[in-house]
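Below: the structure, in structure tokens.
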Amino acid sequence: MKNKDANRLTIRSVAVIEVLIGLYISLSFIISSLIDPPGRPKTVYGFVIVTSLISIVIGAGLFAYKKWARRVLIFFAGYVIITKFLLVSNLVTFTGNTIEFISIGTKDIISLFYHIAILVIFNLNNIKKELK
């Protein structure tokens, strides 16, 4: 029973993190853009809002222990990991950063390790069994 409780706590914790990330990014991006429009291309606005909404939806799905949320989370984590490697290698640049109280490099490292942990944790059989 303890293992099942630990698995559910892990799933709920990631759900909370995903919802908070999505809310923080979308709200901060919208508010900062209304106060002082940075002149970013509209596609950047769309990309940031869509990806933050994806995080919120993933979090909601994980709260309901849905299997689809795990699949989307794994896909999204893989996408983020690939993106971080492209950014580090300077093959792509991104101008939509919204978190400014820590350096972009630090944020990218934290994000990379978080998403690697997501891939590991959500591919464990005991976590998979908790999702319906």
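The values are calculated or read from the model by the stated rules, or taken from the named source; none is laboratory data. Because the structure is a prediction, the values reported are computed rather than measured. All Cβ positions, even for glycine, are placed from backbone atoms using ideal geometry, and neighbour counts span all protein chains on display. We work out accessible area using only protein heavy atoms, side chains counted, and drop any ligands, DNA or RNA first. Shrake-Rupley method; radii C 1.70, N 1.55, O 1.52, S 1.80 Å.
Pick from Leu27, Leu87: which is out of contact with any strand residue (DSSP E or B) (no Cβ under 8 Å at 6 or more places or on another chain) and without any contact (Cβ under 8 Å) to a residue 12 or more places away in the chain?
Selected residue: Leu27, the only one of Leu27, Leu87 that is out of contact with any strand residue (DSSP E or B) (no Cβ under 8 Å at 6 or more places or on another chain) and without any contact (Cβ under 8 Å) to a residue 12 or more places away in the chain.
Based on this model, can you work out whether Phe94 counts as at pLDDT 90 or above and either surrounded by fewer than 16 Cβ atoms within 10 Å (Cβ to Cβ) or under 17 Å from the mean Cα position of the chain (by Cα) (or both)?
No; evaluated as a whole, the condition is false for this residue.
List pairs: first in region 1-24 and surrounded by 12 or more Cβ atoms within 10 Å (Cβ to Cβ), second among the small types (Gly, Ala, Ser), Cβ under 6 Å, 6+ apart or cross-chain?
Within 6 Å, the pairs are Ala15/Gly59; Glu18/Ser55; Glu18/Gly59; Val19/Gly59; Ile21/Ser55; Gly22/Ser52; Gly22/Ser55.
In region 25-76, which residues are in contact with a Ser or Thr (Cβ under 8 Å, 6 or more places away or on another chain), open to solvent by less than 80 Å² (accessible area, probe 1.4 Å) and assigned to a helix (DSSP H, G or I)?
Across region 25-76, the qualifying residues are Ile25, Ser26, Ser28, Phe29, Ser32, Val44, Tyr45, Val48, Ile49, Ser52, Ile56, Phe76.
Of the conditions (1) in a helix (DSSP H, G or I); (2) touching a Leu at 6+ places or on another chain (Cβ under 7 Å); (3) closer than 26 Å to Gly105 by Cβ; (4) β-branched (Val, Ile, Thr), Val92 clears all except one; give me its number.
The number of the failed condition is (1).
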